[in-house]
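Engineer: One structure, as structure tokens, below. Some questions next.
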Amino acid sequence: MAVGQRPSGLTAFAIVNFVFAGFGGLGCLGMIAGAAVLKHSGYHFPDPKAEAAVQQIAEWLPLLVVTCTVSTLLLIVSGFGFLKQSRVLGRYVGSAYGIFGLLMVLINFAIVHQPFGIGTITGLVYPIVVLILVNTTFRDDLTS
């Protein structure tokens, strides 16, 4: 590869980060909007278990919104780091996202009791892929 030319895999990786960051940002906004609608509608669920679940999520909502926002910001910053081929922004912030993303899945299981589905699989797989790629495949490309 020519000096100064960015690896196409690293560019694709940055784009995937931006796509996941977009979905994450929409998810954060959705949580806030859903909570506002439920809070101001005065609706009470006929099933006591559903009502208790909504109350539990409402109690943890600030933490969930903060973790969602931090994860989204880490994805954006590391995406720019991949584009700039930056060791700090790409490799270190990407690794921080990988660890944080895995912790978010654990938080969702512990607090929200999120069922195991496609969101959980994505939440587990992508941070692991990021950790592996930034610390092996793209390690030498993230140098500046």
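The values are calculated or read from the model by the stated rules, or taken from the named source; none is laboratory data. Bear in mind the structure is a predicted one, so any value in this text is a computation, not a measurement. No Cβ is skipped: glycine too gets one built from the backbone with ideal geometry, and neighbour counts run over all protein chains shown.
Engineer: Before we move on, is Leu106 among the aliphatic types (A, V, I, L, M), free of Cβ contacts under 8 Å to residues at least 12 places away in the same chain, closer than 20 Å to Val65 by Cα and assigned to a helix (DSSP H, G or I)?
Structural biologist: Numbers: among the aliphatic types (A, V, I, L, M): yes; free of Cβ contacts under 8 Å to residues at least 12 places away in the same chain: yes; closer than 20 Å to Val65 by Cα: yes; assigned to a helix (DSSP H, G or I): yes.
In short, yes.
Engineer: Is there any pair with a first residue in the stretch 76-97 that is buried (at least 24 other Cβ atoms within 10 Å of the Cβ) and a second that is not in a helix (DSSP H, G or I) whose Cβ atoms are under 7 Å apart and which are 6 or more apart or on different chains, and what are they?
Structural biologist: Once the first residue is buried (at least 24 other Cβ atoms within 10 Å of the Cβ) and sits in the stretch 76-97, its partners that are not in a helix (DSSP H, G or I) give Gly90/Leu142.
Engineer: Restricting the search to the stretch 30-52, which residues are surrounded by 13 or more Cβ atoms within 10 Å (Cβ to Cβ) and without any contact (Cβ under 8 Å) to a residue 24 or more places away in the chain?
Structural biologist: Gly34, Leu38, Phe45, Glu51
Engineer: Which one is modelled with the highest pLDDT among residues in the stretch 113-123 that are surrounded by 14 or more Cβ atoms within 10 Å (Cβ to Cβ) and more than 10 Å from the chain's Cα centre (by Cα)?
Structural biologist: Thr120
Engineer: Shifting gears a bit: Could we say that Ala58 is surrounded by fewer than 16 Cβ atoms within 10 Å (Cβ to Cβ), farther than 18 Å from Gly9 by Cβ and in contact with a Lys or Arg (Cβ under 9 Å, 6 or more places away or on another chain) here? Explain how you work it out, then say what you get.
Structural biologist: On the way: surrounded by fewer than 16 Cβ atoms within 10 Å (Cβ to Cβ): yes; farther than 18 Å from Gly9 by Cβ: yes; in contact with a Lys or Arg (Cβ under 9 Å, 6 or more places away or on another chain): yes.
It is true that Ala58 is surrounded by fewer than 16 Cβ atoms within 10 Å (Cβ to Cβ), farther than 18 Å from Gly9 by Cβ and in contact with a Lys or Arg (Cβ under 9 Å, 6 or more places away or on another chain).
Yes or no, residue by residue, for (1) assigned to a helix (DSSP H, G or I); (2) within 15 Å of the chain's Cα centre (by Cα):
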residue	(1), (2)
Arg6	no, no
Gly9	yes, no
Val16	yes, yes
Val37	yes, no
Lys49	yes, no
Gln55	yes, no
Leu61	yes, no
Thr67	yes, yes
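Engineer: For the stretch 113-128, give me the residue count where each residue is in a helix (DSSP H, G or I) and farther than 15 Å from Ser71 by Cβ.
Structural biologist: Number satisfying all stated conditions: 2.
Engineer: Which one of these does Leu64 not meet: (1) under 16 Å from Asn17 (Cβ atoms); (2) touching a residue at least 12 places away in the same chain (Cβ under 8 Å)?
Structural biologist: (1)
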